[in-house]
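**Q** Before I ask anything, here is the structure I am working with.
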Amino acid sequence: MSQTFALIVDAYSTGAELPHKFSARGIPSIHIQSTAYIPPSYVASFQPDSFATNIVYRNLDDCINQLAVALGSGHASWVMAGAESGVELADLLAAELKLPGNPVASSRRRRDKYEMARALQGAGLAAADSLRTDDVEELLQWAEGERRSWPLVVKPLDSAGSDHVFFCTDAGQLRGAFESIIGQCNRMGIINRQVLAQSFLVGTQYVVNSVSIDGQHVFSDIWIDRRKTLPGASNLYDCEELLPATGSVQDSLISYMSRVLDVLEVRNGPAHSEVIMTQHGPVLVETGARLQGSMLEQPVIDALGASQVTLAVERCCDPKIFERRLTKPYVLSRHVMCVALISEQSGTVTDISGLKAICELPSYASHFHTPEVGDSIMRTTDLFSIPGVIYLTHVDQDVMRRDYETIRELERDRILFTVRQAEVV
């Protein structure tokens with residue numbers, strides 16, 4: 001029997017875990033790099049030694065020829081996007097190789113947030129009122145429309161991670177946001193030729209992660225996603241707390257998201273969705289047809305017995321076992337919180353001994369992306385400028401939440417990191 005391979009397009013961020021999971025099952029992976037240059041925010045997470053080979057995509061024919069050489073007498077059984085930048089190429093390769101995937105014809109609605117909203121509205125689902133434009137005057141005219149009110153949200157069409165997301169309360173801010181976005185290279189390495197403007201959704205934000213098999217959806221984990229709003233910044237990541245699979249809010253989210261995934265034609269593989277629960281019900285912020293980024297899975301595995309990453313691989317390798325999950329919601333055995341650190345300082349880190357206090361907290365589980373002595377940090381304004389992530393987990397939710405408050409106190413007192421030439425905000 002010939003060797004089976006997994007193809008992973010842009011195995012960055014959380015997607016860097018995929019080759020290890022496949023390898024544990026005796027399946028080597030081939031990496032497809034969608035662009036000649038890896039976006040800077042992804043470089044540190046890429047692990048080229050995890051792959052049998054790395055193919056840099058130039059065009060489809062060249063990629064298929066290189067794949068044939070790399071596979072030898074083996075064959076590819078699955079293709080998956082490891083990060084947002086790989087979504088469309090993963091669709092294309094799945095179609096070309098006749099592997100399970102998502103339709104090429106609807107790829108743009110899974111990347112372009114304007115097309116995403118239009119697709120939902122066309123199907124009768126709640127979605128934010130949206131405009132896609134490269135004309136600031138059209139943007140200003142739209143903002144003054146009779147159905148709209150301030151604030152309005154402006155962001156790139158196809159980036160991720162709160163990259164250049166602005167909340168505008170007047171025309172001047174709206175013009176400034178447009179000028180900050182248009183013509184700039186976003187975090188996916190794409191030049192912003194247009195901007196997306198949307199109505200501001202009032203309510204509580206949630207994260208809904210899923211893995212799909214032939215159009216059926218398993219919801220792997222649901223989180224309440226708390227954000228902070230600070231002057232001069234996008235809404236900052238505060239913390240995400242893992243929720244039980246069932247409950248009135250969760251049931252409403254799953255019912256809505258099942259229809260959203262169908263409309264967006266997410267038929268196979270993982271998806272990461274952000275949803276606002278408004279007074280009228282859930283409304284999608286956006287869906288990415290890939291794993292949730294910047295996540296550590298072990299605390300989630302400890303709480304649920306599985307993670308979105310392990311389920312994405314299980315969907316490929318053990319589809320019969322995976323299908324049993326369609327009728328069995330996950331069971332939460334312990335509480336988990338993912339805390340995004342927030343810095344009010346910019347400068348060079350001279351001491352990190354404050355982290356020891358966090359590591360000694362009763363619910364401390366792990367941390368990552370924290371700076372070392374000599375590293376530079378900046379004032380936190382978005383996902384990409386947070387100085388690290390802390391995972392807390394405990395059977396007692398109150399213990400975990402008290403430890404969260406301790407982390408914020410350490411930040412306020414500037415005990416966590418000592419910074420030279422700090423710029424106080």
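The values are calculated or read from the model by the stated rules, or taken from the named source; none is laboratory data. Computed from a predicted model, the values in this text were never measured in an experiment. Methodologically, a virtual Cβ is constructed for each residue, glycine included, from the backbone with ideal geometry; neighbour enumeration extends over all protein chains shown. Surface areas here come from the heavy atoms of the whole protein model, side chains and all, with no ligands, DNA or RNA. Shrake-Rupley method; radii C 1.70, N 1.55, O 1.52, S 1.80 Å.
**Q** Within region 120-131, can you find the residues that are surrounded by fewer than 21 Cβ atoms within 10 Å (Cβ to Cβ) and either free of Cβ contacts under 8 Å to residues at least 60 places away in the same chain or assigned to a helix (DSSP H, G or I) (or both)?
**A** GLN121, GLY122, GLY124
**Q** Here is a check on your reading of the model: is LEU311 at pLDDT 95 or above, assigned to a loop (DSSP other than H, G, I, E, B) and within 18 Å of ASN268 (Cβ to Cβ)?
**A** So LEU311 fails the test.
**Q** Let me ask something additional. Restricting to region 348-369, count the residues that are assigned to a loop (DSSP other than H, G, I, E, B), of a type in the set (Ser, Thr, Tyr) and open to solvent by less than 40 Å² (accessible area, probe 1.4 Å).
**A** Number satisfying all stated conditions: 1.
**Q** Can you tell which of ILE38, ILE8 is in a loop (DSSP other than H, G, I, E, B), among the β-branched types (Val, Ile, Thr) and crowded, with 18+ Cβ neighbours inside 10 Å?
**A** When all the criteria are applied, what remains is ILE38.
**Q** May I pose another question? Hey, among GLU84, GLU115, which residue is within 26 Å of GLN308 (Cβ to Cβ), surrounded by 15 or more Cβ atoms within 10 Å (Cβ to Cβ) and modelled with pLDDT of 95 or more?
**A** Step by step, each of GLU84, GLU115 is checked, and only GLU115 is within 26 Å of GLN308 (Cβ to Cβ), surrounded by 15 or more Cβ atoms within 10 Å (Cβ to Cβ) and modelled with pLDDT of 95 or more.
**Q** Of everything in region 187-217, what is in contact with a helix residue (DSSP H, G or I) (Cβ under 6 Å, 6 or more places away or on another chain), under 12 Å from PRO270 (Cα atoms) and open to solvent by 10 Å² or more (accessible area, probe 1.4 Å)? Give them in sequence order.
**A** GLN216, HIS217 - these are the residues of region 187-217 that are in contact with a helix residue (DSSP H, G or I) (Cβ under 6 Å, 6 or more places away or on another chain), under 12 Å from PRO270 (Cα atoms) and open to solvent by 10 Å² or more (accessible area, probe 1.4 Å).
**Q** Here is a follow-up. Mind telling me which of the residues LEU67, LEU92 ends up being touching a helix residue (DSSP H, G or I) at 6+ places or on another chain (Cβ under 7 Å) and surrounded by 16 or more Cβ atoms within 10 Å (Cβ to Cβ)?
**A** On the way: LEU67 fails: touching a helix residue (DSSP H, G or I) at 6+ places or on another chain (Cβ under 7 Å).
Matching residue, one of LEU67, LEU92: LEU92.
**Q** Considering region 34-84 alone, what residues qualify as being aromatic (Phe, Trp, Tyr), in contact with a Ser or Thr (Cβ under 8 Å, 6 or more places away or on another chain) and within 26 Å of ASP163 (Cα to Cα)?
**A** Restricting attention to region 34-84, the residues satisfying the condition of being aromatic (Phe, Trp, Tyr) are 37, 42, 46, 51, 57, 78.
With the extra rule that they be in contact with a Ser or Thr (Cβ under 8 Å, 6 or more places away or on another chain), the set shrinks to 42, 51, 57.
Residues satisfying the conditions are TYR42, TYR57.
**Q** So the check is Cβ under 7 Å with 6+ separation or different chains; which pairs have a first residue in region 286-307 that's within 22 Å of GLY388 (Cα to Cα) and without any contact (Cβ under 8 Å) to a residue 60 or more places away in the chain and a second one that's assigned to a loop (DSSP other than H, G, I, E, B) and open to solvent by less than 10 Å² (accessible area, probe 1.4 Å)?
**A** The qualifying pairs are ILE301/SER307.
**Q** Within region 156-186, how many residues turn out to be more than 22 Å from ARG226 (Cβ to Cβ) and open to solvent by 60 Å² or more (accessible area, probe 1.4 Å)?
**A** Of the residues in region 156-186, 6 are more than 22 Å from ARG226 (Cβ to Cβ) and open to solvent by 60 Å² or more (accessible area, probe 1.4 Å).
**Q** Still on this structure, please answer the following. Quick one: in region 273-285, which of the residues that are surrounded by fewer than 20 Cβ atoms within 10 Å (Cβ to Cβ) and out of contact with any Gly (no Cβ under 6 Å at 6 or more places or on another chain) is nearest to ALA119 (Cα to Cα)?
**A** Among residues in region 273-285 that are surrounded by fewer than 20 Cβ atoms within 10 Å (Cβ to Cβ) and out of contact with any Gly (no Cβ under 6 Å at 6 or more places or on another chain), the one nearest to ALA119 (Cα to Cα) is GLU274.
**Q** Continuing with the same structure: For region 289-307, name all the residues that are surrounded by 20 or more Cβ atoms within 10 Å (Cβ to Cβ) and part of a helix (DSSP H, G or I).
**A** PRO299, VAL300, ALA303, LEU304
**Q** Would you mind telling me which numbered condition in (1) in a loop (DSSP other than H, G, I, E, B); (2) more than 21 Å from ASP62 (Cα to Cα) LEU99 fails?
**A** Of everything listed in (1) in a loop (DSSP other than H, G, I, E, B); (2) more than 21 Å from ASP62 (Cα to Cα), LEU99 misses just condition (2).
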